[in-house]
Amino acid sequence: KIELTKGSNLSNTSSLLWHLYRSLPSPSSSVNWAGFYVHDHTSPPTKPRLILGPFQGKVACQTINFGRGVCGTAAATQTTQLVPDVEQFPGHIACDSSSKSEIVVPIMVEGKGVVGIIDIDCTVENGFDQIDKEYLEKLADFLAKSSDWP
């Protein structure tokens, strides 16, 4: 078994997601951000947060507390957040005002909990569906098992 570093896996996967979505018909071609946030293990256990990982798209928020916005909610609840209209999501963090929909999938490692999240934004409402959810959850599971998570 070849052990691949988390950084290499996430960097290549963010590029793969970006180019894959943008090569598909609309609404997928309207993806404007694809990447990762990882659990910041230096944050106090009582105030866990995510830090920006590899991504493709415009500059992004550097840190997000668990429970805040779509990403923080996915991390805190350990559930995928499929958001058809980000303006309707309580506490949405608008890193890019052109984002209209979003999907966030937690990456979970047994015994460690949430180690990161996959985050993909789209410039149109209803940019993601159950098929995206199903396959991104499989990707999250693969990344959880194939990377060196702290």
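We did not get these values from a lab; they are worked out from the coordinates using the rules stated. All values reported here derive from a predicted model rather than from experimental measurement. When we count neighbours, we look across all protein chains shown, and the Cβ atoms used for this are built from the backbone with ideal geometry, even at glycine.
Evaluate the chain: find the radius of gyration of its Cα atoms, find its Kirkwood radius, and give the ratio Rg to Rh. Using only Cα positions, Rg/Rh for the chain is 0.94. Taking the DSSP bridge list for the chain and keeping only pairs wholly inside it, about 95 percent are antiparallel. Full extension of the segment from residue 77 to residue 96, taken as 0.36 nm per residue of separation minus the current Cα-Cα distance, would add 4.5 nm.
Rounded to whole numbers, the Karplus 3J(HN,Hα) couplings from phi for segment 80-93 are 5, 10, 9, 10, x, 9, 5, 5, 8, 8, x, x, 3, 9 Hz, using 6.51 cos²θ - 1.76 cosθ + 1.60 with θ = phi - 60°, and x at Gly and Pro. Mean-square fluctuations from a GNM of the chain, with a 10 angstrom spring cutoff on Cα atoms, peak among 118, 103, 51 at 51. Positive end of the dipole of the chain (Cβ unit charges, origin at the Cα centre): among 13, 46, 32, the Cα lying farthest that way belongs to 46.
Between 76, 55, 118, whose Cα lies farthest towards the positive end of the dipole of segment 32-150 when Lys and Arg beta carbons carry +1 and Asp and Glu beta carbons carry -1, centred on the Cα centre? Ranked along the dipole, the leading option is 76. Given +1 at the Cβ of Lys and Arg, -1 at the Cβ of Asp and Glu and no other charges, the dipole of segment 6-146 around its Cα centre is 480 debye to the nearest 20. Net charge in the neighbourhood of residue 57 (other residues with Cβ under 13 Å of its Cβ; Lys, Arg +1, Asp, Glu -1) is -2.
The GNM of the chain, with springs linking C-alpha atoms under 10 angstrom apart, assigns the highest mean-square fluctuation among 16, 52, 82 to 16.
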